[in-house]
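Single-structure report; data block below.
The values are calculated or read from the model by the stated rules, or taken from the named source; none is laboratory data. Source: prediction; values computed, not measured. All Cβ positions, even for glycine, are placed from backbone atoms using ideal geometry, and neighbour counts span all protein chains on display. Heavy atoms of the whole protein, side chains included, go into the accessibility calculation; ligands, DNA and RNA do not. Shrake-Rupley method; radii C 1.70, N 1.55, O 1.52, S 1.80 Å.
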Amino acid sequence: MANVMDTLRARGFIKQTVYEDELYEKLGKESVPFYIGFDPTADSLHVGHFMQLIAMKHMQDAGHKPIILIGGGTALVGDPSGRTDMRTMMTKETVAYHVECFKKQMSKFISFEGKNGAIIVNNADWLTNLNYVDFLRDIGAYFSVNKMLTAECYRSRMEKGLTFLEFNYMLMQAYDFLVLNQKYDCLLQLGGDDQWSNILAGADLIRRKERKAAFAMTFTLLTTSEGKKMGKTQKGAVWLDENKTSPYEFYQYWRNTADADVEKCLKLLTFLPLQEIQTLCAYQDERINAAKEKLAYELTKMVHGEDAANQAQSQAKAAFGGDGEMPEKTIPANVVDLLGALTATGLCKSNGEARRLVEQGGVSINGEKAVSVNMPLPAGEFTLFKGKKVRIKVIRG
């Protein structure tokens with residue numbers, strides 16, 4: 001069995017670990033059950049989640065068993081990590097709907113068959129029925145308030161006020177690891193490095209309470225070379241759901257990756273051999289565009305399938321290189337001005353966004369810059385350009 005830590009390290013995943021030598025030995029000689037948690041705060045996964053799925057796939061391919069923990073219980077409290085305000089609490093019905101959406105999407109990436117097939121569990125199954133006094137006695141006794149307050153996830157909330165509700169989050173996540181260890185012999189929790197304090201707390205709880213081995217490993221966050229989180233656009237998150245982010249938009253997002261970030265993204269988000277990635281990224285001039293196209297194509301194929309990836313690539317070449325098939329959108333015949341066209345095509349989500357875009361000079365019709373949202377549309381088909389990166393053929397219905 002190949003040691004997956006070598007793979008993860010070579011591709012730039014690993015940020016922090018504990019008991020690293022012991023973990024490396026276990027991963028190299030036996031199948032290790034591990035888990036990654038996903039909070040169901042939306043009805044779709046996004047690019048940030050996708051990186052976790054890739055890591056999970058590397059682990060599974062190396063013979064280890066994935067446990068996908070849906071945070072149906074912890075989502076009712078809200079994770080304070082990386083926040084300056086308190087999360088809006090969701091109803092149990094909303095959480096249940098999001099859980100179902102997650103299950104459907106994850107089945108595209110992770111195998112649920114075979115000896116090390118993934119399983120999905122929901123921490124609402126054990127958290128919502130906890131006896132509070134028993135929980136304090138059995139779990140709370142292992143946590144130092146002084147130590148907890150030094151964790152970054154809490155310190156960043158102290159100025160505006162950290163609620164006791166949020167303060168419980170670390171205990172609940174640590175308890176998840178304990179339950180999974182007891183039920184499924186789970187030995188390792190993985191996650192983004194912003195979760196280090198919470199993940200470490202779970203491994204520490206198992207070692208102190210159960211006197212058993214438990215491990216923590218965090219991954220580097222998916223950020224640009226400037227330190228900004230990737231996966232965000234003016235429209236919001238880059239979703240894996242095609243109804244939220246179309247395959248063409250998804251492809252274009254990765255096609256427009258900054259030169260300095262292409263190699264990192266290819267290593268973290270694709271399964272291309274490292275030698276091939278090195279060759280693709282050998283030149284930091286116009287030849288880097290081939291690497292960007294490869295990145296965009298590979299990711300779109302993984303998320304939306306080969307047909308959608310081929311179509312998105314063809315549409316992109318038509319829009320920016322004059323080749324292939326440009327994306328099309330049919331709008332109702334009663335849409336007669338630019339304002340209506342921008343919202344009917346989905347290029348703008350609101351009239352206000354459309355007005356701002358036109359005022360900033362970001363819209364063209366058939367190559368001519370638009371000066372007013374009230375300008376009439378050309379007869380028949382026309383090309384609508386949003387900024388320098390998005391162009392579609394519009395057909396009047």
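Odds and ends about this structure:
- Strands (runs of 3 or more DSSP E) lying entirely in region 1-71 (those with 3 or more residues that are within 26 Å of Asp125 (Cα to Cα)): 34-38, 66-70
- Residue ID - nearest to Asn243 (Cα to Cα), chosen from residues in region 35-53 that are open to solvent by less than 10 Å² (accessible area, probe 1.4 Å) and at pLDDT below 95: Ser44
- Filtered residue count, region 55-68, keeping only those that are surrounded by fewer than 20 Cβ atoms within 10 Å (Cβ to Cβ) and not basic (Lys, Arg): 3
- If the condition is being in contact with a strand residue (DSSP E or B) (Cβ under 9 Å, 6 or more places away or on another chain), in contact (Cβ under 8 Å) with a residue 12 or more places away in the chain and not charged (D, E, K, R), then region 221-260 contributes Leu221, Leu222, Met230, Gly231, Ala237, Val238, Trp239, Leu240, Tyr248, Phe250, Gln252, Tyr253.
- Residue in region 180-228 that is nearest to Met56 (Cα to Cα), counting only those that are hydroxyl-bearing (Ser, Thr, Tyr) and modelled with pLDDT of 95 or more: Thr218
- Positions within region 182-193 being over 25 Å from the mean Cα position of the chain (by Cα) and in a loop (DSSP other than H, G, I, E, B), in sequence order: Asp185
- Once region 275-313 is narrowed to residues that are of a type in the set (Asp, Glu) and not in a helix (DSSP H, G or I), the residue that is most open to solvent (accessible area, probe 1.4 Å) is Glu286.
- The set of residues in region 240-274 that are outside any loop (DSSP other than H, G, I, E, B), within 15 Å of the chain's Cα centre (by Cα) and surrounded by 21 or more Cβ atoms within 10 Å (Cβ to Cβ) comprises Phe250, Trp254, Cys265, Leu269.
- Any hit, region 8-20, residues being of a type in the set (Asp, Glu), at pLDDT 95 or above and at negative phi: yes
- Close pairs from region 362-384: first over 17 Å from Glu328 (Cα atoms) and without any contact (Cβ under 8 Å) to a residue 12 or more places away in the chain, partner not aliphatic (A, V, I, L, M) and not in a strand (DSSP E or B), Cβ under 8 Å, at least 6 apart: Lys369/Gly361
Each row is one residue, and each column tells you yes or no for (1) in a loop (DSSP other than H, G, I, E, B); (2) over 22 Å from Pro66 (Cα atoms); (3) touching a strand residue (DSSP E or B) at 6+ places or on another chain (Cβ under 6 Å); (4) open to solvent by 20 Å² or more (accessible area, probe 1.4 Å).
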{"residue": "Tyr97", "(1), (2), (3), (4)": "no, yes, no, yes"}
{"residue": "Phe109", "(1), (2), (3), (4)": "yes, no, no, yes"}
{"residue": "Glu113", "(1), (2), (3), (4)": "yes, no, no, yes"}
{"residue": "Asn129", "(1), (2), (3), (4)": "yes, yes, no, yes"}
{"residue": "Cys153", "(1), (2), (3), (4)": "no, yes, no, no"}
{"residue": "Arg157", "(1), (2), (3), (4)": "yes, yes, no, no"}
{"residue": "Leu180", "(1), (2), (3), (4)": "no, no, yes, no"}
{"residue": "Gln195", "(1), (2), (3), (4)": "no, no, no, yes"}
{"residue": "Ala201", "(1), (2), (3), (4)": "no, no, no, no"}
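- Test set (1) touching a residue at least 60 places away in the same chain (Cβ under 8 Å); (2) assigned to a helix (DSSP H, G or I) - Ala333 fails condition number: (2)
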